[in-house]
1. Beta carbons within 10 angstrom, averaged per residue: use that to sort the peptides 115-126, 51-62, highest first.
2. What ranking do 190-196, 69-75 get when scored by the average of other Cβ atoms within 10 Å per residue, highest first?
3. Say each of residue 127 and residue 182 gets a label point 7 Å from the Cα, pointing the same way as Cα to Cβ; how far apart are those two points in nm?
4. Using only Cα atoms, find the angle between the long axis of helix 131-157 and the longest principal axis of the chain, and express it within 0 to 90 degrees, rounded to the nearest 10.
5. Taking only Cα atoms, what is the 0 to 90° angle, nearest 10, from helix 98-114's long axis to the longest principal axis of the chain?
6. If each DSSP helix of 4+ residues adds -39,500 (n - 2.57) and the sum is divided by the residues in the chain, what number results at 222 nm, nearest 500 deg cm²/dmol?
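Here, each number is a calculation from the coordinates, and none is a lab measurement. Remember, it's a predicted structure, so these values are computed and weren't measured experimentally. For neighbour counting, all protein chains shown are included, and Cβ atoms are generated from backbone atoms with ideal geometry for every residue, glycine included.
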């Protein structure tokens, strides 16, 4: 009888597992609704009381999930990178050919940045984070910079890419995509694929020798 009640309540999971799942679900809801408000109202103009009201919870209860608005922004940013950006890097790093690595990364990174105006908020508001939190977020972006730089170096060493300072080229590649969040019209999602292809073509065509001119 006890076992049947447990299965009916949580599909065979323990109460601790159920509570953990409920906490995670509530946390995800907080992140999403808070981010929606940051996009709509702006980070500075969104107090914790407004976030709590939209969630239908008390301000004190909201602080159970995060210690401050800054902490909430940090958690949202980190969660977004872990779910959307790091998987792109992981996938790209598995490819052996440096050109294919860059194509995959630049294309999917562009699609990520054009998928939601939330990307604009997260990029712009990194300055609102405390130094330690900034450093953790920047360390993830730095991994991408090193990834791009290594791919460029391999292409140059193989004679497939024009000579140029790797740091300059790496920042140019990443910067092309980062800046998109400030001017892309998010109401025109049909343009995202074309833009991603344009980014790839402009960056690689400017850096790589034509196939018949490989040095």
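1. Ranking the peptides 115-126, 51-62 by packing returns 115-126, 51-62.
2. Top to bottom by mean Cβ count within 10 Å: 69-75, 190-196.
3. Reported label-point gap for residue 127 and residue 182 is 1.0 nm.
4. Once rounded, one gets 30 degrees.
5. Rounded to the nearest ten degrees, it is 40.
6. Dividing the helical sum by the residues of the chain leaves -22500 deg cm²/dmol.
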